[in-house]
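Visitor: Shown below is the structure under consideration.
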Amino acid sequence: MRVLTVAVLISGTGSNLRALLEAAAEADFPARVIVVGADREASGLAHAEEFGIPSFVIPWQGADRREAWGEELDQQLRVWQPDLVVLSGLMRLLPPAVVAAWSPRLINTHPAYLPEFPGAHAVRDAIAAGATQTGASVIVVDDGVDTGPILAQERIEVRPGDDEAALHERIKPVERRLLIDVVRRIAIGELDLTASAV
């Protein structure tokens, strides 16, 4: 059985990354993380080191340098030639050239039931809107903000008294489970990303 190779891009603690690394460490999981990248010296890079996975950092240099940053990122990904690129808490909008080069083999997790509450503050926005439900989604990345084809999603209740932190803590395990399942389904051919592409 051919194993799907995965690159993961992070900005922070890498909790989704760790869950994926733990899943991929199981002998029967059909995908392997081969490299982890970050836009800063993120604490989540420690997970890559612990699992013996190579990593790289391409520091973010500001919005005016976004295209140049994207070129460096694309070049680094081309060195590794992953079958799939997972954005796991990467808090940057990828430049169009990077999306064009890698989509639809470029997926992202999002802490809302898209198309509800796109953007960087999805959990806060759900609470501010008085929503009684939100969710978690895994999507193909396109040039929009969380507008790509939806691969998997699940509803999560917003409980009375929830603040942003409490709600986000309940969303995270669902995000991880959905991500692992989507990667597995892509690897075994159950989920065809080319058919999902718009």
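The values are calculated or read from the model by the stated rules, or taken from the named source; none is laboratory data. As the structure is a prediction and not an experimental result, all values here were calculated from the model. Virtual Cβ from ideal backbone geometry, glycine too; neighbours counted across all protein chains shown. These area figures cover heavy atoms from the full protein model, side chains too; ligands, DNA and RNA do not enter into them. Shrake-Rupley method; radii C 1.70, N 1.55, O 1.52, S 1.80 Å.
Visitor: Can you say whether residue 32 is in contact (Cβ under 8 Å) with a residue 24 or more places away in the chain and over 26 Å from residue 191 (Cβ atoms), as far as the supplied structure shows?
Guide: Spelling it out, it is not the case that residue 32 is in contact (Cβ under 8 Å) with a residue 24 or more places away in the chain and over 26 Å from residue 191 (Cβ atoms).
Visitor: Somewhere in the range 4-11, is a residue in contact with a Lys or Arg (Cβ under 9 Å, 6 or more places away or on another chain) and without any contact (Cβ under 8 Å) to a residue 60 or more places away in the chain?
Guide: No, because not a single residue in the range 4-11 is in contact with a Lys or Arg (Cβ under 9 Å, 6 or more places away or on another chain) and without any contact (Cβ under 8 Å) to a residue 60 or more places away in the chain.
Visitor: Could you tell me which numbered condition residue 124 fails, if it satisfies all but one of (1) modelled with pLDDT under 95; (2) out of contact with any Gly (no Cβ under 6 Å at 6 or more places or on another chain)?
Guide: (1)
Visitor: When the range 110-120 is examined, which residues are found to be open to solvent by 10 Å² or more (accessible area, probe 1.4 Å) and at pLDDT 95 or above?
Guide: Scanning the range 110-120 gives 111, 113, 115, 116, 117, 118.
Visitor: For residue 177, which of the numbered conditions (1) in a loop (DSSP other than H, G, I, E, B); (2) open to solvent by 60 Å² or more (accessible area, probe 1.4 Å); (3) out of contact with any Pro (no Cβ under 8 Å at 6 or more places or on another chain) fails to hold?
Guide: Answer for residue 177: the failing condition is (1).
Visitor: Okay, moving on. Scanning the range 51-107 for residues that are at pLDDT below 95 and polar (S, T, N, Q), which turns out surrounded by the fewest Cβ atoms within 10 Å (Cβ to Cβ)?
Guide: Ranking the candidates gives 61 first.
Visitor: Here's another thing I want to ask about it. For the list (1) outside any helix (DSSP H, G or I); (2) open to solvent by 20 Å² or more (accessible area, probe 1.4 Å); (3) over 22 Å from residue 22 (Cα atoms), I need the number of the one condition that residue 153 fails.
Guide: All conditions are met except number (3).
Visitor: Then there's this: It is to be established whether one or more residues within the range 127-136 are open to solvent by 40 Å² or more (accessible area, probe 1.4 Å), assigned to a helix (DSSP H, G or I), of a type in the set (A, V, I, L, M, F, W, C) and in contact (Cβ under 8 Å) with a residue 40 or more places away in the chain.
Guide: Checking the range 127-136: at least one residue is open to solvent by 40 Å² or more (accessible area, probe 1.4 Å), assigned to a helix (DSSP H, G or I), of a type in the set (A, V, I, L, M, F, W, C) and in contact (Cβ under 8 Å) with a residue 40 or more places away in the chain.
Visitor: Still on this structure: Being in contact (Cβ under 8 Å) with a residue 24 or more places away in the chain and among the aliphatic types (A, V, I, L, M) is the filter here; which residues of the range 61-82 pass it?
Guide: 73, 77
Visitor: Further question: Go through the range 96-124 and count every residue that is within 14 Å of residue 168 (Cα to Cα) and in contact with a strand residue (DSSP E or B) (Cβ under 9 Å, 6 or more places away or on another chain).
Guide: Residues meeting the conditions: 8.
Visitor: Go through the range 2-25 and count every residue that is open to solvent by 20 Å² or more (accessible area, probe 1.4 Å) and on the phi > 0 side of the Ramachandran plot.
Guide: Number of matching residues: 0.
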